[in-house]
Amino acid sequence: MSNINGKVYAMNAITPMKPWKTWILRGFFFVLGRVKPLQQDLINLSFIEFARWVVLPRRGFPFLGNGQKREELQYDYLLFFSNFNGTWNQYIDAFSAVLSRGLNLIWRWSEKFPGSVPVTPFKNYIAQVQFDTDYYYTAYPRATANDLKSAHIVQTSLDALSLRAQDYTPAQFAEAYLHFVIQVQAHLGETGDAPVVF
Amino acid sequence: MSKLNATDIQGFVLRGYNLPVGRYLFLHLEDATRARKMIGQLLGQVTTGQRWDGGKPDSTMNIAFTHKGLAALDLPLATLITFPVEFQDGMKERSGILGDTGLNAPERWDDVWRGDRVHMWLGVNAKSPEALEARCAKLLATIQESGGATLLGSQDAAAVVIDGKPTTREHFGYTDGFGNPEYLGVERSSQPGQGKLLADGTWAPLATGELLLGYADEAGELPVAPVPHLLAANGTFMVYRKLHQNLATFRAYLDEQAALYGGGKEKLAAKFIGRWRDGTPLELSPDKPDFPLTQDPKRSTNFTYGADPEGTRCPLGAHVRRVHPRDDFGFHGKLIDRRRITRRGLPYGAFVPEGEPVSDSEDRGVIFMALNASISRQFEFVQQQWIGYGNDAHLGNDKDMLIGNHGGRGRFVVQGDTRPENPPFICSNMPNFVELRGGEYFFLPSITALGMIALSLVDPR
Amino acid sequence: MPNKSGSLYGLTILSPIIDDEKATPSHDLQIRKYLAGLATDDGSPFALAPGTHLARLVVMDDVIYVGMPACEEHLKSKYLVLESNFDGELDDYLGGLADHVPEQLDSIWGHCVAYPGAGNRQAFIDYMKACQIDTTFYFAAINDKSLPETLRALHTRTAVADFIANHQGMEPARLQAEFVQFVAQLRSEPIPGPGTGGIARDIKTGGRNE
């Protein structure tokens, strides 16, 4: 098993839902997907690279015949996959501290969900429904979501300056260069190894 | 929040004594029965959190134990295993997590910390060296008579004296001691900027459970604590770290970089930490120190970084901004409320004014002692994520300029603007200005819990 | 469509694993064993084929029972879960995997029900799509940059930080000349490939520490 690769953590969670509740959850996600300001908290948390929720209806498991038995389930299932930077505790703490309302709207339809506040029962629930990753790949193990955002800002600024660099007089260049440095100065952190996970 | 029982809480937890000299004794417990008897004898001398209505005492004394110490006192295994993992591990075992590697690695620590021999910390603070000696002599006599413990070593510490007066300066010349948070129920004159930030921009004390076991914390629950509850309640955890300061290296590096920096040496020194050396916050006064501001409790810690997202006033990587990011991570500071620690401690070694010859090899530094309800969630998180790493501050792998374990590498960006007196600037290839010389994790029990330990009255449940 | 966010595609696949009592060890264990030894750095199949930002493979043994009063129930099959975040369109991506890393795909999905093999490109694509589950809500922090753009930007950031640090206080004409040269050099430099620099895991977690 390997939930971690460099600076990212792969979380998988699966929770059972009574099928009639699934439709309420689908409705919520429908709204969330179309009202961008509602997603702002996820963006502001800034340590999630990718995340997804997948509603898996009880009759929706892939069935390929060839001797495979059909599933006979009473519950629909909610799958959650997240790729986040930092520690497991940090991630759940942050979710509980600042996204509790949103999380409750997503998971309250799942059986036995204790609510995302206080944090310890919430952590116990996540730990219970989490299943481990066997293989985890990232194209940029030494970078976080923040590193990526910074890198794109530096690239854009560099491209803009280099486009005209040769046409400037030295004095003009010096001024343009200073502005370039000021544009990128908050984005120059080093990429590197992840801290030891704890 | 009910009123705290100050007679049950060790005074060291509730207040910085603000006494100029201290000595920390490190004891090895020899025999559980005799050691418990010794604790019983010391118990009455422990300084509690009671108010000093009759003026400050000449000296104070407090007690804390390592996990091995608690085991040596024969606490039941069922209790010992309920302590948090990091406390059971001890600081040496956590060196990978803490980034205590290379120059800071345990192999390079002072002898007293290299074995696993320290069981007990006995902290003495005093008004004068004479009072300190007198108190320590008395305590050592008690300890020796009891046969319960041997003294492995001790550490002296004292406020830096300038012009005959004890100050809050540390050896690099910075004024220290602005940062401690306020907690509900802990009596202290209130000061904006020292608790937690609220959505309306005002400040309020942190939940008591961020400091003391047995009370609600900022997550609205009781902190993880050992059982039985009576052993844990009104206690806390303490991190002890001896931080050696390479003063010659620091001064040479500052001079060298200042020669390249357009803002001048004192401004560069201020950019490292986020305060001018007299303590003026850069965020409030970016162009010059303002001493009266540092003396005004309504202003000296009352600021946020929201108007300075690029760090042109206070650099994003400045020490005070890293360890107390205030509103930096959005959500009205809510992501940092469970990462605050309370600092105690004093400098050690001789103070050398600037311009006088100085060497890194001289024994000089600061004894860092941090109190928190959860070492892993509070101290270790701050140390790993905010001092040894920079992602939360959008600084990649950059480390804290002043206390980072750089090993000759790394970068510190001083963000600036187009004014010649505040230019952008990059410091590179930093040496270690500070080196770790040892330390440990301790549990500071309540007076009740000390009594239970002394009388062997700890039942797991 | 919720499977996409900007130019990023979030693919979720659940492939039923063959349940064969005669197989020793069982097929799910064979997958786990293979994955435990599979390179996660620039030798990963996801690095050798184009387009993957992050991907994971998980053997899902069963659903999880959350305790009374919920009902206990179990799956009849174990499933191999692929969660991938990649650039562009699904058919191109799956085709790219089949083109570049067919042996690895066969070693993994060869334990799954009705897997046709990656040698038949279209059959492989059809198979994977038959196992696909639509994502209900997909979040990508950055959804407008391709993988090559991202790797290039990371490389650029390091080079730019070095350049700025090494050219402080330089007089303008020389700075300009060196900058022009720096940009030309940066363009011609090879960029480290995807997956480069993954490190050994050093984990000290677990237990009751919070």
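Derivation of every value follows stated rules applied to the coordinates shown; laboratory data play no part. Worth saying up front: this structure is predicted, and the values here are computed from it rather than measured. We place every Cβ from the backbone using ideal geometry, glycine too, and count neighbours over all the protein chains shown.
Odds and ends about this structure:
- For segment A:95-101, backbone phi angles converted through the Karplus equation (6.51, -1.76, 1.60; θ = phi - 60°) give residue-by-residue couplings of 4, 5, 6, 10, 10, 4, 5 Hz, Gly and Pro being listed as x.
- Between C:His74 and A:Gln40, the FRET efficiency from the beta-carbon distance, with R0 = 51 Å, is close to 0.80.
- Spatially near lysine pairs across chain A, Cα under 18 Å, sequence gap of 8 or more or different chains: 4
- The mean number of partner chain beta-carbon atoms within 10 angstrom of a residue's beta-carbon across peptide B:404-416 is 2.
- Per-pair calculated FRET efficiency, R0 = 35 Å: C:Ala173 and B:Lys265 via Cβ, rounded to 0.05: 0.75
- Nitroxide proxy distance, nm - points 7 Å out along Cα→Cβ at A:Lys21 and B:Glu93: 3.9
- Inter-chain Cβ neighbour average for residues C:143-156, partner chain, 10 Å: 5
- Net charge, A:His187 excluded, C-beta distance under 13 Å - Lys, Arg +1, Asp, Glu -1: -1
- Fully extended contour minus Cα-Cα distance, from B:Thr33 to B:Thr168, at 0.36 nm per residue: 44.4 nm
- Set of lysines with alpha-carbon distance to B:Lys265 below 19 Å, sequence-local pairs under 8 removed: B:Lys288
- Inter-chain shielding of C:182-189 (mean C-beta neighbours from other protein chains, 10 Å cut-off): 2
- Judged by the mean number of other Cβ atoms found within 10 Å, the most tightly packed of the peptides B:137-143, B:196-202 leads the ranking B:137-143, B:196-202.
- Residue order for B:Arg117, B:Arg23, fewest other beta carbons within 10 angstrom first, comes to B:Arg117, B:Arg23.
- Judged by the gyration tensor of its Cα atoms, with axes a ≥ b ≥ c, the protein assembly as shown is oblate; a/c meets the 1.5 cut and b/c is at least as large as a/b.
- Paramagnetic label reach from B:Lys298 (point 7 Å along Cα→Cβ; backbone nitrogen cut-off under 16 Å): within segment B:160-188, no residues.
- Within a Gaussian network of chain C (alpha carbon springs, distance under 10 Å), most fluctuating of C:Thr196, C:Thr150, C:Thr24: C:Thr24
- Charge dipole (segment C:147-188, unit charges on Cβ, about Cα centre) - positive-most of C:Gln185, C:Val160, C:Leu147: C:Leu147
- Taking a point 7 Å from the Cα of B:Asp417 along the Cα-to-Cβ direction, the residues of segment B:264-278 with backbone N closer than 20 Å to it are B:264-276.
- Taking GluC sites (Glu not before Pro) across segment C:53-146, the ones in a DSSP loop with at most 11 further Cβ atoms lying within 10 angstrom of their Cβ are C:Glu72.
- The calculated FRET efficiency for B:Ala350 paired with C:Glu189, based on their beta-carbon distance and R0 = 56 Å, is about 0.65.
- Listed from fewest to most Cβ neighbours within 10 Å, the set C:Asp92, B:Asp327 follows the order C:Asp92, B:Asp327.
- Rounded if a/c under 1.5, otherwise prolate or oblate - segment C:147-188, Cα gyration tensor axes: oblate
- Computed extension length for B:Asp200-B:Arg108: 28.3 nm, one decimal, from 0.36 nm per residue of separation with the Cα-Cα distance subtracted.
- As a length-normalised measure over Cα pairs under 8 Å and 6 or more apart, the relative contact order of segment C:36-89 settles at 40 percent.
- Projecting the Cα positions of A:Ile153, A:Val117, A:Ala127 onto the charge dipole of segment A:67-160 (unit charges on Cβ atoms of Lys, Arg, Asp and Glu, taken about the Cα centre) puts A:Val117 furthest along the positive direction.
- Pairwise label distance in nanometres, B:Ser154 with B:Ser128, each label 7 Å out on the Cα-Cβ vector: 1.8
- Taking the Cα centre of the protein assembly as shown as origin and assigning +1 to Lys and Arg Cβ atoms and -1 to Asp and Glu Cβ atoms, the resulting dipole is close to 1660 debye.
- Centroid-to-centroid, using Cα positions, segment B:153-174 and segment A:43-116 are 54 Å apart.
- Using Cβ point charges alone (K and R +1, D and E -1), the dipole size of segment C:61-166 about the Cα centre works out to roughly 180 debye.
- In terms of its alpha-carbon gyration tensor, chain A comes out prolate; a/c meets the 1.5 threshold, and the first ratio a/b outweighs b/c.
- Taking segment C:46-205 and dividing mean pair separation by its residue count, relative contact order in percent (alpha carbons under 8 Å, at least six apart): 19
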